[in-house]
Amino acid sequence: MENASYRSLPKHPVLTWSSLRGALLPPLTSIDNLKYTAFTTSGRAAIYQALCLLELPAGSTVLVPSYHCPTMVAPIFLAHLKVAYFAIKDDGLPNLSSIEETTAQRCKAILVPHYFGFSNSLREVRDWCDARDVALIEDCAHCYFGQAGERTVGAWGDYATASLSKFFPVQEGGVLASSRRSVAKLHLKPPTMTAQVKGFTDVLETSAKFNGLYGLNAGLKLIFKLKKLLKNKVRAGKKINQDMISYCDMARIDNKLLLSSLLIKYFSPSNMIVKKRQRNYAQYENHFKSATQARPLFDLTAKDSAAIAPYVFPLWVDDADRIYQVLKELNFPVFRWDKLWPGTPIMVNDAGPLWSKHVLQLLCHQDLASREVDNIAKTIIQLLPQPSA
Ligand SMILES: Cc1ncc(COP(=O)(O)O)c(C=O)c1O
């Protein structure tokens, strides 16, 4: 079978010489444009910090979507709050009618993501929150750039949260932002010098692994030796001995962003990042538009796909269990959100459980070459049932 395993493919952007090309172009509209912004160590840390800034009474309920990654839920438990769930519609927006009135009355905040990079207007959600005095946390982990309907992405939320490592070649990083509430009360601890050094070497190590920085290999080997020496000295952050929370790795949620992440983010050309993601997305779309028993989750016109900065290409696959298993064995850059938080309820009119089973998230980041995207798509198409002649 033809496949793309001739080089192990990165699941996140990687630092390469071309990562910095075009850094002087004007940046695109993004969550960075909101009035108040602060960097955190991750998207999950930003959610946790948003909850802390809201100063909700202990035990308050926070609503999350049934289709989620556990890292969206863990911060709520860490903040000593309760979780309730809402169903999602076919476009990924909350199905607000799935929230019972008694739950709505207990609820003090709601976490609403823009899935896969497809931003939507959150007008209806904003109105629902305003009518009930519920805080809206707009989860932009998949959607760093662009407009969400009438507003800039992130501007609907009381707070907006984002993940740097999904869009920039950094090992860790997140953003907590708001168009309406100050983040000045955020008190994050500065990272230790050891963590700073480790941060730089981690970036370079990953880069070398994927042949990102041609010409620096010998020097990098020396740095990795240093990293090995430091390895056991870095103190892990506070860990709570609960299965799901340790699965989510909530260490360092109280820390400031590492200098390495800050510098790389600052010098990364957002125009190039978005353009390459759109190119890779369009390639996937082209491959799968006439596939058998698989289809792009969203039926986008060419104009729509040019207006988004995709995080992944969401592919609906009928026989997803079998195909995802093969792709995992091939170590392809594909995710599926099939690990839900225990207790996630089954609700009527909810696209969530179907997406958890059938939607494969094919990475389309800027460090996947065009031929690699072609090979991933062709490999998947070969695994699908062939159309009858
Ligand atoms: C929608 C969404 N929100 C939040 C997060 C957490 O982001 P991070 O991995 O940067 O902590 C993720 C991670 O996958 C996510 O997909």
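Read-outs: derived from the displayed coordinates by stated rules, not from any lab. Note that the structure is a prediction, hence the values are computed from the model and not measured. Positions of Cβ are backbone-derived with ideal geometry, glycine not excepted, and every protein chain shown enters the neighbour counts.
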Taking a 21 Å limit on the Cα-Cα distance, which of the listed pairs Lys289/Lys339; Lys11/Lys89; Lys189/Lys339; Lys11/Lys328; Lys275/Lys339 fall beyond it?
Lys289/Lys339; Lys11/Lys89; Lys189/Lys339; Lys275/Lys339
What's the ranking of 325-334, 196-205 by average number of surrounding C-beta atoms within 10 Å, highest first?
196-205, 325-334
Out of all DSSP beta bridges with both ends in the chain, state the antiparallel percent to the nearest 5.
60
How large is the translational diffusion coefficient of the range 249-331 in µm² per second when you combine the Kirkwood radius over alpha carbon pairs with Stokes-Einstein at 25 °C and 0.890 mPa s?
156
Rounded to whole Hz, the Karplus (6.51, -1.76, 1.60) HN-Hα couplings of the range 108-123, x for glycine and proline
10, 8, 9, 9, 10, x, 9, 5, 6, x, 8, 7, 10, 5, 10, 3
Could you check which residue among Asp319, Asp127, Asp243 shows the biggest mean-square fluctuation in a GNM of the chain with a 10 Å Cα cutoff?
Asp243
Vicinal HN-Hα couplings computed from phi for the range 262-279 (Karplus, 6.51 cos²θ - 1.76 cosθ + 1.60; Hz; Gly/Pro x)
4, 5, 5, 4, 4, 8, 7, x, 5, 4, 5, 4, 5, 4, 5, 5, 5, 4
In order over the range 204-215: 3J(HN,Hα) from phi, Karplus 6.51/-1.76/1.60, θ = phi - 60°, whole Hz, x for each Gly or Pro, gives 5, 4, 5, 4, 5, 4, 9, 6, x, 10, 3, x
Which of rounded, prolate, oblate describes the range 331-389, given a ≥ b ≥ c as roots of the alpha-carbon gyration tensor eigenvalues and a/c under 1.5 marking rounded, otherwise prolate only if a/b is larger than b/c?
oblate
